[in-house]
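Worksheet: one structure, shown below.
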Amino acid sequence: MGLLNWNSNQHYDPKAKPCTECGTTTPLRSHAGEAVHKVCAEDWNDRNPNAARYEHEGRDLGTKRFHSDPPRKNGKEGAH
């Protein structure tokens, strides 16, 4: 699957909770608010290649459980 892009601040909560995968605490959150380390989410995706996929504008961003942030649109798109 590859690396997840979790650049959005929605993936951070200052209140650390146990990771749903490994049990150690983390301030990171999935899109659904699930406490999970990014590397644990990537590992889960790799172990579950047939899980339902999340797509954005035709791009596969990972599984529905753990997926990347949609690409940001910026003012430079389309510039020459």
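The values are calculated or read from the model by the stated rules, or taken from the named source; none is laboratory data. Everything numeric in this text was worked out from a predicted model, so none of it was measured. Quick reminder, even Gly has a Cβ in these numbers, built from the backbone with ideal geometry, and neighbours come from all protein chains shown. Just so you know, the surface numbers come from the protein's heavy atoms only, side chains and all, with ligands and any DNA or RNA stripped out. Shrake-Rupley method; radii C 1.70, N 1.55, O 1.52, S 1.80 Å.
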message = So the check is Cβ under 7 Å with 6+ separation or different chains; which pairs have a first residue in region 44-64 that's touching a residue at least 60 places away in the same chain (Cβ under 8 Å) and a second one that's in a loop (DSSP other than H, G, I, E, B) and not polar (S, T, N, Q)?
response = GLY62/MET1; GLY62/LEU4; THR63/ALA51; THR63/ALA52
Residues satisfying the stated conditions in region 53-70, i.e. open to solvent by 60 Å² or more (accessible area, probe 1.4 Å) and either more than 12 Å from LEU4 (Cα to Cα) or touching a helix residue (DSSP H, G or I) at 6+ places or on another chain (Cβ under 9 Å) (or both) = ARG53, TYR54, GLU55, GLU57, GLY58, ARG59, LYS64, ARG65
ask   = Which residues, counting only those in region 11-32, are in contact with a His (Cβ under 9 Å, 6 or more places away or on another chain) and hydrophobic (A, V, I, L, M, F, W, C)?
value = CYS19, CYS22, LEU28
note = Within region 1-32, the count of residues that are among the small types (Gly, Ala, Ser), open to solvent by 50 Å² or more (accessible area, probe 1.4 Å) and either without any contact (Cβ under 8 Å) to a residue 24 or more places away in the chain or more than 26 Å from ARG59 (Cβ to Cβ) (or both) comes to 1
